[in-house]
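Readers should treat all values here as calculations from the given coordinates under stated rules, not as data from a laboratory. Note that the coordinates shown come from a computational prediction; the quantities given were computed from them, not determined experimentally.
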Amino acid sequence: MERGIAPEAIPASNPVTGRSMPLCKFPEQAHYLGTGDVNNAANWTCPADDRSLLEVGRAGFAAGLVAPELLKAVLLPFEPLEGPDPF
């Protein structure tokens with residue numbers, strides 16, 4: 001932190017592999033820009049609107065990260081689960 005302001009990202013590198021990329025502030029996640037060397041931090045970004053790490057996917061629901069009654073009320077009416085009934 002400099003002058004009371006946290007950085008947008010911290011550059012990180014692995015001396016063994018030579019890979020470098022940004023460590024984004026939570027909940028942002030580094031995204032490859034799609035061109036250039038994946039081992040170069042310059043080809044990665046930390047999108048400010050990225051909230052993907054905050055989302056609970058179907059496996060998280062099935063694992064009990066949300067109460068089963070909420071799962072039934074929210075998820076099941078919209079898309080059926082594949083496999084055996086988790087309840």
Query raised in the report: To the nearest whole percent, what portion of all C-alpha pairs in the range 1-50 is separated by more than 18 angstrom?
Result: 34 percent
Query raised in the report: Ordered by residue, what ³J(HN,Hα) values in Hz, to whole numbers, does the range 30-47 give under the Karplus form 6.51 cos²θ - 1.76 cosθ + 1.60, where θ = phi - 60° and Gly and Pro are x?
Result: 4, 10, 6, 6, x, 9, x, 5, 5, 8, 10, 4, 5, 9, 10, 9, 10, x
